[in-house]
Amino acid sequence: MVKLCDHRHPRNKPGYCMYGGSNYNRIFQSDGRGPKNYFSTLYCDEEMSEICPFREHTPRPVFKHESIPRPPLVDCPICGRRHFDGSASQIYCQQYGKIKELLAEMEKKNESWAPEGSTEDPFDGTLTDFWQRRLWNNIRSFILKRDNNTCQDCGLKCENGTIAPKSSRIADEKIIWKKDGGHELEWHRIEPGQYQYHGTDSWFELEVHHIIPRCKGGTHHPRNLKTVCDQCHDLYTAELHRENGRERQNEKKAAKVKGMPKLEEYLNKR
């Protein structure tokens, strides 16, 4: 039986030692069991665990406080495994199954994303950043597959996954001069032959867009998600930045006006 060791992965089975190759030279070169310059990862088996002088094992209690009861293991109908009740992996599986269930219901009703978006939150419980990123990667794959890897705005279709050669669908800003003076910036699409692209990024990439932004109460509900190319996504992002900038300017103006003294008070002070 293999002796337990904290440096081996896994600790209770034969596996590779993570202690470091430089320490093995002192063992192998002294008794001639290995080459002179030996910096490879050592495979630790039952025989090696008996003679290794670097073996360490510190018993690790599952729970530090005996007063905290260990949660029971619950069978998961989504992945077929067992999770501790209330654990992050269980919440992840529940949210993953909820997304698949929503997409199946929408497919039966022949529904897709909604133009007005959705603020409905289909999930119960909160996840850490690691599990949220993992869940979002799965949601993204589901939405791309639902929309047939096609941009829902310009119709760009990626035949070989989520990227396609960059051709004429390039978005850029141009200055629009007003008749009464002044100007404003607008996004537009450059026609074929009018854009000289220089750089290494010569591919389109499909992205998943939140119709109602997360900062305005949008969620990961499938009705609030649609597939767009990176250039169409830039249009939405630029418009959102402009809206946020206008809101901040209005808030500053309102705060400035609110803090100004009234005319009567100003005259009395004089």
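Values in this text are rule-based calculations from the coordinates and carry no lab data. This is a predicted model, so every value here is computed, not measured. No Cβ is skipped: glycine too gets one built from the backbone with ideal geometry, and neighbour counts run over all protein chains shown.
On a 31 Å Cα-Cα criterion, which of the cross-link pairs Lys13/Lys145; Lys178/Lys252; Lys13/Lys100; Lys98/Lys252; Lys179/Lys252 come out too long? Walk me through the numbers on the way to the answer.
Details: Lys13/Lys145 41 Å; Lys178/Lys252 26 Å; Lys13/Lys100 37 Å; Lys98/Lys252 42 Å; Lys179/Lys252 29 Å.
Those over the limit are Lys13/Lys145; Lys13/Lys100; Lys98/Lys252.
Estimated at 0.36 nm per residue, the fully extended path between Ala254 and Met18 surpasses their Cα-Cα distance by 78.8 nm. Take 140-146, 223-229 and order them by the average number of nearby Cβ atoms within 10 Å per residue, most first; the result is 223-229, 140-146. As a proxy for reagent exposure, Asp180, Asp6, Asp230 were ordered by neighbouring Cβ count within 10 angstrom, fewest first; the result is Asp180, Asp6, Asp230.
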